[in-house]
Every structure is written in structure tokens, then in C-alpha cells.
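The values are calculated or read from the model by the stated rules, or taken from the named source; none is laboratory data. Computed from a predicted structure; not experimentally measured. Heads up, the Cβs are rebuilt from the backbone with ideal geometry, glycines too, and the neighbour counts pull from every protein chain shown. Areas reflect the complete protein model, heavy atoms only, side chains present, ligands, DNA and RNA absent. Shrake-Rupley method; radii C 1.70, N 1.55, O 1.52, S 1.80 Å.
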Amino acid sequence: MSASKPLPTLTVGVDVGGTFTDLFVLDETSGQVRIEKVPSTRGNEAQGFMQGMQRAVQAQGEGAMAQVGTVVHGTTVGTNALLERRVARTGVITTRGFRDVLEMRRRDRPATWGLRGDFEPVVARADRLEVDERVLADGQVHTPVNLAQVEEAAQQLLAHGCEAVCVFFINGYANPANEQAAVACVRRLWPNPYVTAATEVLPEIREYERASTASLNASLQPVVGRYLQQLNGDLKGHGFAGELLIVQSNGGVMSQQTASDVPVRTALSGPAAGVMACAAIAQAAGYPNVITGDIGGTSFDVSLIAQGQAALAAQTSLAFGMVVRSPMIQIETIGAGGGSIARVDAAGMLQVGPASAGSNPGPACYNRGNHLPTVTDANVVLGHISAQRPLGGGALGTLRLDLAQQAIETHVAKPLGLGVEAAAEAILTVANAKMAGAMRLVSIERGHDPRDFVYMPFGGGGGLHVCAMMHEVGVGRGLVPRYPGVTSALGCVMADMRHDVVKTLNQAMLAIDFGALSQSLEAMRTQCQQRLDSAGVRFAQVREEVVLDMLYQGQTHTLQVPVQPRALNVQGVSEAFEQTYRNEFGRVLQGPPVRVLNVRYSRIGVRPKFDLHVLAPTGPGSCAPLGTQAVYVHGQWVQAQRYARLDLPVGFAVQGPAIFEQADTTVWLEPGYEATVDDLGNLVLQRVA
């Protein structure tokens with residue numbers, strides 16, 4: 001009798017960044033974890049993904065891939081494709097007279113105070129075609145859609161070489177009948193599945209946001225769809241028989257099919273996973289209020305968590321004119337990462353970023369052909385990173401200190417009349433100031449006192465700047481997670497499955513038929529549950545969230561008001577609105593009637609959680625330093641103790657200067673700060689009294 005195959009026990013989170021592909025492996029039976037980093041392969045991200053997978057599970061022996069039950073992937077493929085305009089040629093079929101909605105936008109411009117600005121929509125004007133149809137704002141069909149014109153437009157777009165198409169009709173949110181008929185017509189003759197109906201992606205009022213989101217979704221379908229298809233094929237070819245899930249920008253996960261249908265929801269999915277991991281780790285450590293900062297190779301992504309909850313935004317702009325209206329974790333991104341290039345501009349001012357050396361060729365110290373100085377080069381020159389220590393867990397080998405010094409001397413030190421070390425300090429000062437500005441944007445400028453928060457850095461470069469950020473912004477404590485370089489990959493493993501839908505009401509609250517609204521809510525509940533069921537994933541529980549977009553009559557911007565489904569009545573909604581409005585603005589208005597613009601429904605399949613104590617140090621550990629390293633601090637060289645971070649036991653404490661080294665990152669503890677290892681293995685930083 002042959003032995004039965006072992007059940008899959010591994011869950012793998014994979015985050016593909018601009019420089020590294022990070023993996024976090026959890027053995028759900030033993031509780032053991034493993035991390036891996038491999039260089040990302042830009043242009044063919046699936047290659048680096050599979051290299052990382054093979055390295056991450058190789059310890060399991062023969063047939064290791066068959067022991068993986070779930071792979072959860074945070075991907076930047078869609079985001080990078082939009083930012084770099086590497087999307088499929090896409091056509092738009094729209095209501096006559098509305099082909100230029102994408103170009104007119106909200107009559108904004110790239111530079112607020114400038115008189116000029118260029119913008120080219122993702123869909124060229126020649127590929128935006130009009131047909132006769134019209135639905136009024138109240139949902140009445142004024143003009144039925146001319147299907148002969150729709151068919152002619154589709155044939156014309158195919159002749160133009162369009163691979164994807166978006167059907168967007170004005171007021172389609174109020175009555176999608178015309179749009180649905182047109183989409184059915186297009187799908188009968190379109191040679192591939194890349195047909196997007198605007199009302200299927202976003203059945204919500206405001207035509208520009210709906211047109212932008214739907215057209216961006218259409219342009220991404222071939223790019224993301226092919227990538228996921230290749231990835232799934234590669235995984236299956238290596239023996240993987242489990243489920244491939246994709247992280248959404250709202251911090252939840254979705255099935256591969258949903259991600260292929262609505263790829264626009266993958267925008268910023270990697271950073272979103274990191275924020276969710278930070279929220280869970282900080283909550284377990286006793287810190288419900290957190291400012292997170294993800295420093296990678298090209299960017300600094302910052303978000304705020306209040307009372308254990310990450311803030312969600314209804315929409316975001318990936319770049320000027322690229323508006324995506326879909327629930328997203330609020331993340332502010334600036335071009336300040338380890339690969340950000342430093343330069344002296346024509347006015348003699350030192351600038352850092354947004355241009356980046358990325359992973360290839362990378363910083364000058366990588367010795368891959370780049371001769372321009374970067375933030376990483378400055379950290380190497382100042383001794384924050386040992387040039388002899390392999391970067392990325394050995395993925396990049398040792399670094400060239402001489403090349404970093406040469407790049408800074410040539411392009412920064414000489415033009416500014418500084419020494420090499422002083423120029424390196426200046427580079428970090430400018431970079432830190434930019435990052436601190438982003439942290440103030442999500443905290444002080446939104447009414448939060450940074451002193452009530454801890455700062456939680458992650459990403460490969462987060463630990464190098466943690467003390468500087470605490471000083472610049474005034475955050476009370478720092479909390480460096482056990483594996484900061486793979487936090488986003490950890491977040492992939494922890495993320496729940498989530499599906500969001502929206503319906504526009506646009507009615508005065510007193511005029512709403514709450515009985516009919518409850519019926520609509522039940523239909524939304526069924527739709528979301530079907531999406532969860534289709535993923536084939538086991539959930540510990542299923543919960544739901546209902547949020548109303550509300551405002552006073554005459555206002556333009558809405559306030560998101562959480563309500564309980566059982567409180568969907570005039571009194572319950574009114575009380576929820578007043579409480580939320582008072583919390584946000586300090587008072588309520590007397591007199592203006594209240595309107596409900598949209599109702600948002602989210603259904604969340606809570607995946608089984610693992611005990612975060614599996615990340616904690618085990619055994620007696622070692623407090624002995626690895627040695628000392630010369631570090632340049634405020635104009636002089638000092639000796640800093642070096643420690644193997646993961647060997648330190650719970651309760652270990654040390655005052656700076658000190659350097660903590662591990663495979664996925666380096667933590668620089670400045671003089672005047674103290675670090676303690678808590679019972680989850682986090683480093684807790686605070687100023688020395």
C-alpha cells in the first residue's frame with residue numbers, strides 16, 4: 001500500500017518590489033518561519049518570483065512545492081505598468097459628446113500654480129469612439145443604445161490594433177441597461193476577454209472617476225492577466241496544486257480570477273500588505289497608534305494606523321490624471337528610497353530623488369555600472385552599512401566602498417565644496433527631511449499628534465533611518481519589526497480575503513426607502529459572498545462592513561460614515577453621521593439637510609491567523625557583539641557595536657551608537673537612543689533620558 005501524500009502545510013507570501021522580491025514562508029503545522037530575498041527581475045517579474053519560491057521551499061526536500069497550500073502575492077506589475085505607460089493599447093466606446101471626459105478630468109493641472117501642463121490620457125483620442133445612447137441622471141433611458149454603431153466602433157478599434165476595450169456610458173450607474181447591452185455586443189465579437197464595463201468596475205456617480213478607473217482597468221487586463229497566467233502556469237509546472245491569491249490595494253486578498261478581471265485593484269498592493277502586517281504586529285505589541293514607513297529601493301511609502309485600524313481612502317491618483325476610485329489604504333508615496341539619486345541642481349541646491357538607480361544598475365556601490373550617488377551609497381560611506389557585509393542576505397554580494405566615495409565626491413562633494421563624509425551626511429539630511437514631510441502629511445496635517453504614535457519602519461532601508469525620523473517628526477517611540485525587510489511579504493500571509501461593492505443613492509436621508517436599501521444590501525451581500533466562495537479558501541469567519549458616503553446639502557466632498565446593518569434607519573444613520581462629522585470637524589451644522597451619496601458594502605473572509613510569537617527569539621540567544629564598526633556621526637568618527645539582530649534574546653537592551661545586522665536589513669541606532677528587544681522580537685527604540 002503506497003503512502004499517502006502529505007497535506008500542504010506551507011503558506012508563502014511574496015512581495016515583488018523594485019529592487020528585491022521578498023518571501024515569507026510559514027509552516028502552519030510547526031509554526032516555523034523562513035524568509036528569503038532575491039533580486040527582482042524587472043520586465044519579467046515572474047522569473048524572480050519563481051527563483052524566490054524555489055529557494056524559499058528548497059529546505060522541504062523533494063516535492064517541496066507540493067507542500068505549499070497557499071501563495072499570496074503582492075504585485076507591483078499593474079502599478080509599474082501604469083506609471084511607465086507600458087499598458088495595452090486600449091479603446092473606449094462612450095456616449096456621444098463624452099469622448100473627452102478622460103482628457104478634461106476635473107479641469108486640474110499638473111502644477112497647481114503653473115499656467116501650462118501636459119497630459120496624455122492612457123487612451124488616445126483616436127481610440128475613444130462615440131455612439132448614440134443616453135441615460136438620464138434619474139435612470140430613465142432617454143435614447144436606447146445603437147448596437148449597430150457599437151459593433152462598428154468595436155470593429156474600428158480592432159482595426160486600430162486595440163487589445164482591450166472599455167465601454168463607458170454617462171449615468172450608467174443610475175441604470176446600466178444601455179451599457180450592459182453594448183458590452184454584450186462587444187463581447188460577442190471581441191477576440192479576447194479584455195472587455196471592461198465601467199459599471200461592473202465602478203457603479204458609482206461622478207463620470208470622470210468612473211471613466212478613469214474603468215479605462216485604466218481595461219488597459220491593465222492584458223498586462224496583469226498574462227502575468228498571472230504565466231505565474232500560475234510556472235507554479236503548477238513545479239508541482240504547486242494550491243491556491244494563488246492576490247493582495248488588493250485595500251489590504252485584503254482576492255482570487256487570481258478576480259485580479260485578472262479587475263486588475264486596477266492591485267495598485268499599491270505591496271505597500272498595503274505591509275501596512276496590514278504593521279497594524280497586527282503593533283497591536284500585539286501594545287501599540288494601537290502607528291505611523292508606518294516603507295523604505296525600499298525607489299520610494300518611501302507612509303501610512304497611519306489609529307486605534308488599530310488603517311485608514312481607507314475612496315480613491316487615489318497614481319500619477320497626475322491617473323485616478324483610481326477603489327477602496328485603498330491611505331498611503332503617501334514620495335521618491336526617496338535607497339536607490340534615490342543625489343544631485344546638485346543648476347541653482348546649486350542638493351536634491352535627492354525622485355529619479356532612482358533601482359535594482360539594475362543600482363547604487364554605485366553595487367558595481368553594476370552606475371556612477372551617480374544614491375542614499376545607499378551615503379549610508380555605506382558613513383558606516384551605517386558595512387561594505388563587507390553581503391546585502392540582501394547575500395543576494396548582491398559585498399559592496400564597493402571606494403565606488404560610493406567616488407560617486408559622492410564627484411557629483412556632490414566637489415560641487416558643494418564639502419568633504420566626502422560631510423556630503424554623505426548632507427544627502428541623508430535632505431532625504432530624511434523629505435521623508436519626514438510625508439510623515440507630517442499623514443499625521444499633523446490630518447489632526448493627529450505624532451507624540452501619540454510609534455513609528456514603525458519596514459522595507460530594506462527603514463531601519464537605517466528610524467532614529468532620524470523619530471527626531472524629525474517627534475514620534476515618541478520606534479518599533480522595528482523582527483523581519484522589516486520582508487514585512488510586506490508577511491502581510492501577504494496575514495491578509496484576509498475581501499470584496500467591496502458600491503451603489504449610488506444620491507438622495508436626501510429623509511427621502512430614502514430604507515426597506516428597499518436593505519434589499520439592495522442583501523443583493524450586494526450575495527454578490528460579495530459569491531466572490532469569496534469562488535476562491536476556494538477556508539475562512540475562520542466572515543464579517544461585513546457597511547459605510548455610507550454622506551454630506552450636508554450643498555457640500556461637494558463626502559464623509560465616510562460606518563453604520564451597522566441593523567441600524568439602517570433614519571435615527572441610526574443620523575446618529576452615525578453626526579458622531580462621525582463631530583469627530584472629524586469638531587462640530588455639526590444646524591439647518592442643512594443631510595444626503596447619502598453612496599452605500600459601500602465590504603465582505604471579509606477572515607483567514608486563520610498564526611500566533612505572532614512564532615517570530616520571537618527562542619532559547620538563550622547571544623548578547624555578545626560581533627565587533628565594532630567606525631561610523632561618521634556629526635562630523636567625527638565613532639565606534640559602534642555590531643550585533644546579530646536575530647540572535648538577541650528578549651529583554652536585551654543597548655544604547656547607541658549600535659548597528660543591528662540581519663539578512664533582510666540593517667538597523668542604525670544613533671547616539672542618544674536606546675533599543676530593547678520585546679517578547680515578539682521587535683526592537684523598541686526610545687530616546688535616552
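Distance from a point 7 Å along Cα→Cβ of V650 to each backbone N in the stretch 285-304: keep the residues under 13 Å and list them by number.
Output list for this probe position: 285.
Using amide H atoms built in the peptide plane, which far-off residues or other-chain residues are under 5 Å from N506 H to H?
L597, N598
Grab the Cα-Cα distance for E575 and Q530, subtract it from 0.36 nm times how many residues apart they are, and report the gain in nm with one decimal.
13.0 nm
Could you provide, to the nearest whole Å², the per residue accessible area of the stretch 595-689 with probe 1.4 Å?
Per residue, the stretch 595-689 has an accessible area of 40 Å².
What percent of all Cα-Cα pairs in the stretch 171-303 falls into each 5 Å bin, going from 0 up to the bin containing the maximum distance?
2, 9, 14, 16, 16, 15, 12, 8, 6, 2, 1, 0
How would V650, V547 rank on accessible area, largest to smallest, probe 1.4 Å? Working shown, then result.
Details: V650 75, V547 30 Å².
Result of the area sort, largest leading: V650, V547.
Report, in listed order, any pair from K236/K503; K414/K434; K37/K503 with a Cα-Cα distance greater than 30 Å. All intermediate terms of the calculation are to be shown ahead of the outcome.
Details: K236/K503 38 Å; K414/K434 23 Å; K37/K503 42 Å.
Over 30 Å Cα-Cα: K236/K503; K37/K503.
Run the accessible area of the stretch 396-509 with a 1.4 Å probe and give the carbon-and-sulfur part as a rounded percent.
Roughly 47 percent of what the probe reaches on the stretch 396-509 is carbon or sulfur.
What chymotrypsin sites (Phe, Trp or Tyr not before Pro) in the stretch 53-151 are in a loop by DSSP, with at most 10 other Cβ atoms within 10 Å of the Cβ?
In loop regions of the stretch 53-151 (DSSP not H, G, I, E or B), the sparsely surrounded chymotrypsin sites (Phe, Trp or Tyr not before Pro) are W113.
Counting only protein heavy atoms, what percent of the accessible surface of the stretch 94-175 is carbon or sulfur at a 1.4 Å probe?
The value for the stretch 94-175 is 48 percent carbon and sulfur by accessible area.
As an exercise, use a Förster radius of 35 Å and the Cβ-Cβ distance of E445 and T410 to find the FRET efficiency, rounded to the nearest 0.05.
It comes out at approximately 0.40.
Between R687 and A630, how many nm apart are label points set 7 Å from Cα along the C-beta direction?
3.1
Excluding ligands, DNA and RNA, what is the solvent-accessible area per residue of the stretch 404-451 at a probe of 1.4 Å, expressed in Å²?
46
For labels at A184 and K503 in the simple 7 Å Cα→Cβ model, what's the distance in nm?
Label at A184, label at K503, 2.1 nm between them.
Starting from the Cα-Cα distance between W113 and T676, subtract it from 0.36 nm times their residue separation and give me the gain in nm to one decimal.
Gain on stretching W113 to T676: 197.9 nm.
Please work out the Cα center distance from the stretch 455-503 to the stretch 615-689, rounded to the nearest Å.
The stretch 455-503 and the stretch 615-689 have Cα centres spaced 19 Å from each other.
Given the C-alpha centroids of the stretch 64-112 and the stretch 553-574, what is the distance between them in whole angstrom?
Cα centroid to Cα centroid, the span is 31 Å.
With a cap of 10 neighbouring Cβ atoms within 10 Å, and only residues DSSP puts in a loop, list the trypsin sites (Lys or Arg not before Pro) found in the stretch 583-644.
Qualifying residues, ordered by number: R587.
Ordered by residue, what ³J(HN,Hα) values in Hz, to whole numbers, does the stretch 154-168 give under the Karplus form 6.51 cos²θ - 1.76 cosθ + 1.60, where θ = phi - 60° and Gly and Pro are x?
Per-residue couplings from phi come out as 4, 4, 5, 5, 5, 5, 6, x, 6, 9, 10, 9, 10, 9, 10 Hz.
Pop the C-beta distance of A159 and R34 into the FRET formula with R0 = 60 Å and round what comes out to the nearest 0.05.
Details: r = 52 Å, r/R0 = 0.87.
E(calc), rounded to 0.05, equals 0.70.
Rounded, prolate or oblate, given the Cα gyration tensor of the stretch 530-594, with a/c below 1.5 counting as rounded?
prolate
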